[in-house]
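Reviewing the structure listed below.
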Amino acid sequence: SMHDSQQQQESVARQLAQYIDLHLADDLSLASLAGMLHYNPSYLSRVFKKQTGQTLSAYIAGTRIRRACDLLRTTHESVGSIAAQLGFESSQYFATFFKRTMGCSPQAYREKA
């Protein structure tokens, strides 16, 4: 309803963030998240933005990048393997996304780290 309590909205935003953190390799489209959590997609989108100040897509992208940085720093896994774990269709797309966000390639990041 339009009269959800603040607590309910905080709970929804928290559930979403937790689900995303644990399922980075999965389909995290709004439709898929809404289906998994049994909420209306536009409701989820609105509540998340209101509670966190971030859009869902920005949160997902940021979480994937942070996890990528951790894996590049702390493991010897290939860039392709890291891309797959984080739900990127291809390592090329992952590398492009990483470079756009971090200003260097995943390999360069790993060498500097």
- Kindly report the accessible area of the chain per residue (heavy atoms of protein chains, probe 1.4 Å, no ligands, DNA or RNA), in Å². 59 Å²
- Item | Farthest toward positive dipole pole in the chain [+1 Lys/Arg, -1 Asp/Glu at C-beta], among Ala34, Thr55, Ala84 | Thr55
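Charges at C-beta only: +1 for Lys and Arg, -1 for Asp and Glu. How large is the resulting dipole of the chain about its Cα centre, in Debye rounded to 20? Please report the intermediate quantities before stating the final value.
Values: 12 positive and 9 negative charges, 84 e Å.
Here the size comes out at about 400 debye.
Which FRET efficiency value, to the nearest 0.05, is calculated for Ser5 and Gln92 with the Förster distance at 30 angstrom and r the Cβ-Cβ distance? Display every interim value, and only then the final one.
Details: r = 45 Å, r/R0 = 1.51.
After rounding, the FRET efficiency stands at 0.10.
Which whole-number percentage describes the relative contact order of the chain, with Cα contacts under 8 Å and a sequence gap of 6 or more? Mind dumping the intermediate values first?
Working: 82 pairs, mean separation 25.4, N = 113.
Relative contact order here is 22 percent.
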- Item | Efficiency of FRET between Arg46 and Glu111 - r from beta-carbon atoms, R0 41 angstrom, step 0.05 | 0.45
- Message: As a test question: what accessible area, to the nearest 10 Å², does Arg66 have when a 1.4 Å probe is rolled over all protein chains in place?
- Response: 140 Å²
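Within the stretch 63-113, which GluC sites (Glu not before Pro) sit in a loop by DSSP and count at most 10 neighbouring Cβ atoms inside 10 Å?
Working: sites: Glu77, Glu89, Glu111; in loops: Glu77, Glu89.
Here the GluC sites (Glu not before Pro) that fit, given the DSSP loop and packing criteria, are Glu89.
How much of the accessible area of the stretch 1-83, probe 1.4 Å, is carbon plus sulfur, in whole percent?
53 percent
The values are calculated or read from the model by the stated rules, or taken from the named source; none is laboratory data. Remember, predicted model here, so these are calculated numbers, not experimental data. FYI the Cβ positions are ideal-geometry reconstructions off the backbone, even for glycines, and counts take in every protein chain you see. Calculation scope for accessible area: heavy atoms of the full protein, side chains included, ligands and nucleic acids excluded. Shrake-Rupley method; radii C 1.70, N 1.55, O 1.52, S 1.80 Å.
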